[in-house]
Amino acid sequence: MIRTLRAIMRDGGVDLLDPADLPEGTKLLVMVLGDEEQDFWLQAGQAPLESIWGNTEDDIYAQLLEE
């Protein structure tokens, strides 16, 4: 199973930003994202989110909840 974990470099080591229940000795691959790559992935994820959440079809649910 592939999981994405956010991490940051500190004092020469990789520190996870989110809790992860990983057994000791788990092998990891680390992908370093530069500013350009980070911006690309943020923008790439925006369109699918807008297609899911930014549509008028879901407005009917808000109307039903108000009734």
Within segment 29-42, is even one residue at pLDDT 80 or above, surrounded by 10 or more Cβ atoms within 10 Å (Cβ to Cβ) and hydrophobic (A, V, I, L, M, F, W, C)?
-> no
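Can you tell me which residues in segment 29-67 are of a type in the set (V, I, T) and in a helix (DSSP H, G or I)? Steps first, please.
Going residue by residue through segment 29-67, those that are of a type in the set (V, I, T) are 30, 32, 52, 56, 60.
Hits for segment 29-67 are I52, T56, I60.
Condition (residue is among the acidic types (D, E) and surrounded by 10 or more Cβ atoms within 10 Å (Cβ to Cβ)) applied to segment 48-61: is it met by at least one residue? Walk me through it before giving the result.
Step one: list which residues in segment 48-61 are among the acidic types (D, E), which gives 50, 57-59.
The next check asks that each one be surrounded by 10 or more Cβ atoms within 10 Å (Cβ to Cβ); those that pass are 50, 58.
Yes, segment 48-61 has at least one match.
So is V14 at pLDDT 75 or above, assigned to a loop (DSSP other than H, G, I, E, B) and out of contact with any helix residue (DSSP H, G or I) (no Cβ under 6 Å at 6 or more places or on another chain) or not?
Considered against the rule, which asks whether it is at pLDDT 75 or above, assigned to a loop (DSSP other than H, G, I, E, B) and out of contact with any helix residue (DSSP H, G or I) (no Cβ under 6 Å at 6 or more places or on another chain), V14 comes out as no.
The values are calculated or read from the model by the stated rules, or taken from the named source; none is laboratory data. These figures come from a predicted structure and were not determined experimentally. Note that we place each Cβ from the backbone using ideal geometry, even for glycine, and neighbour counts take in every protein chain shown.
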